Amino acid sequence: MTERKPPGVSFESFVDKQIREATERGEFSRLEGFGKPLDDDAAPYDELWWVRRKMHREGLSALPPSLALRKDAEDAARAAREAVSEAQLRRVLGDINTKIAEALARPPAGPPLNLTLFDVEAEAARWRRAHLRG
């Protein structure tokens, strides 16, 4: 496609010729997604579709800081329940409690935080009971 349109040749003829030659060379058979169905076009048009797809592909999030901290707190609670030792549980909850305390002292942007510090001793006692049974 680096050729320039020669003078005196209609643009349509020039483009058609390049497409035909590229097809003959097999250049269209190596395109990404060749032979796969097209995405559903019934969804409303989203101008930022490519940004969302890239963020999803790279595992990025665009949550406001308060919601990101809520998610971190949920992940920490799960990690504490699944901890292999009480020391690991205390470390996980201590780390998230530090973040929550900072956020409570200086509320982040976004929706209300709606978080309180984890009661590490109560969680440790619950963890011990669960692991004594199992």
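The values are calculated or read from the model by the stated rules, or taken from the named source; none is laboratory data. Here the structure is a predicted model, which means the values were calculated and not measured. Neighbour counts run over all protein chains shown; Cβ positions are idealised from the backbone, glycine included. With ligands, DNA and RNA removed, areas are computed over all heavy atoms of the protein, side chains included. Shrake-Rupley method; radii C 1.70, N 1.55, O 1.52, S 1.80 Å.
Here are the numbers:
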read-out: Region 21-49: number of residues that are within 27 Å of PRO111 (Cβ to Cβ) and aromatic (Phe, Trp, Tyr); value: 1
read-out: Some residue of region 113-124 being hydroxyl-bearing (Ser, Thr, Tyr), open to solvent by less than 100 Å² (accessible area, probe 1.4 Å), free of Cβ contacts under 8 Å to residues at least 60 places away in the same chain and in contact with a helix residue (DSSP H, G or I) (Cβ under 8 Å, 6 or more places away or on another chain); value: no
read-out: Flag for THR98 being assigned to a helix (DSSP H, G or I), loosely packed, with under 15 Cβ neighbours inside 10 Å and either under 27 Å from the mean Cα position of the chain (by Cα) or on the phi > 0 side of the Ramachandran plot (or both); value: yes
read-out: Which numbered condition LEU67 misses (of (1) closer than 30 Å to LEU115 by Cβ; (2) free of Cβ contacts under 8 Å to residues at least 24 places away in the same chain); value: (2)
read-out: Pairs with Cβ under 7 Å, 6+ apart, first in region 76-94 and outside any helix (DSSP H, G or I), second surrounded by 15 or more Cβ atoms within 10 Å (Cβ to Cβ) and of a type outside the set (Lys, Arg); value: ALA83/LEU89; ALA83/VAL92; ALA83/TRP127
read-out: Residue in region 14-40 that is least open to solvent (accessible area, probe 1.4 Å), counting only those that are part of a helix (DSSP H, G or I) and farther than 21 Å from ARG4 by Cα; value: SER29
read-out: Residues that are modelled with pLDDT of 75 or more, not in a helix (DSSP H, G or I) and not hydroxyl-bearing (Ser, Thr, Tyr), drawn from region 43-59; value: PRO44, ASP46, GLU47, LEU48, GLU58, GLY59
read-out: The listed residue being under 30 Å from GLU123 (Cα atoms), open to solvent by 80 Å² or more (accessible area, probe 1.4 Å) and of a type in the set (A, V, I, L, M), out of VAL92, VAL84; value: VAL84
read-out: Residue list for region 41-67, restricted to those being among the acidic types (Asp, Glu) and either open to solvent by less than 60 Å² (accessible area, probe 1.4 Å) or closer than 30 Å to ALA103 by Cβ (or both); value: ASP46, GLU58
